[in-house]
Structures are given as structure tokens and as C-alpha cells.
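Since every read-out is calculated from the coordinates, none of them should be taken as a lab result. This one's a predicted model, so the numbers in the text were calculated from it and none came from an experiment. Here the Cβ positions follow ideal geometry from the backbone for every residue, glycine too, while neighbour counts run over all protein chains shown.
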Amino acid sequence: MFRKGWGRVPVHEDTKISDEEMKKIMDSHGEYLIRLAYFYVKDCATAEDIMQEVFISYYRKSAQFDNRASLKTYLSKITVNKCHDHLRSWKNKRSLFSNGIGSLISSGKSPETILEQHTNRGNLTNKILELPIKYREVILLFYYQEFTSKEISELLNCPENTVKTRLRRAKDLLREKVDLKEWEGMQDE
């Protein structure tokens, strides 16, 4: 059995949410989840695809949501997991390799020139997006999404002290790369 308006998403017996409730959840959390996914995957179309997968997953398994955490936290955890799955996928790695080689060949610029242009971006957001994923995610979740270190540890399934260590190391990495004027918001925290 399939519900109208959802394409070919099968209705499961354990679904406890109506289409109207689901629409409200999508309206209230959609943009936030796209932004969260974008910070991981750095591609708008992929972030939108992940957001859709998150809502389909939630719709299918809404009966499993037991309100131990807020809905926002629950959906964020699903989003983070879907982003990690995407980043580990062969399709993503192949695409990154193809795009990297393609841009080197098509630009006609030397790799040194491209690297210099890339390095000269003084934007804090770009520097954060350049961090390894384990540091990027804690910075984004803590400063941009305003989760506590305890909430982040639950989202990432790791000890709270690990989150604190990653935050400290991420800030150390950023301190080396970023102009002090851009660093002001994170310096004393």
C-alpha cells in the first residue's frame, strides 16, 4: 500500500504519523536539516537529497521515536548519520576524484596556482569546511547549531570528553589558519 503524494514510499504498520503532521515537521525542520547536511557534504543538491532521505526514514519509523530527545535532535542525528554514510560511499569518493581531476584539466591553471587561490580564501566558514570531518562536525554543531557538548556526544555516539577534545583541536587548527579578526567569536570559549 502506498500513500498519495509520497511517490513510491511504502506505508508501514509501525508508522504513527499522519501526512499532515509530517508536512508540518518538514516545514519546520527542512531548512535547518539542509544547512546541517550542507556543512558536511559541501554540495546543495546532495544536502537536499540527504534531507529527503531523513524525512523518508523518519516517516517510515516514526513509531520508534520515543521523545527521549527533542525531535530536532533526533532528526539531526539521522542527518549526521546519513551524511557520514554519504561521505564514506564509493559514489562520493569517485565523484570527488573526478571533479578534482576535471577542474585541474579544464582550468588550464597549474596546481600551484589553484592551491594558492584556494589558500587565499580568508573566510572563516571556508576554513571550517576545510577541516577534517571529525573536527568540522563538532565546530558546526557547537557554534553554528548551538548544541551542547553533551548533545553532540549523543548525536555522534561518542564520549563527551571526546567531543571536548575535538573542539579544542579544531580551534587549534583554525587558530593557525584564520586571521585574528575572524577568530574573535571563538577565541575565549
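Worth pointing out:
- Each label point was placed 7 Å from the Cα along the Cα-to-Cβ direction; for Leu71 and Asp172 their separation is 4.1 nm.
- Cα→Cβ-extended label distance, 7 Å offset, between Lys134 and Arg35, nm: 2.8 nm
- The modelled label-to-label distance for the pair Lys164/Thr125, using points 7 Å beyond Cα in the direction of Cβ, is 3.1 nm.
- Per-peptide average of other Cβ atoms within 10 Å, ordering 35-47, 72-84 highest first: 72-84, 35-47
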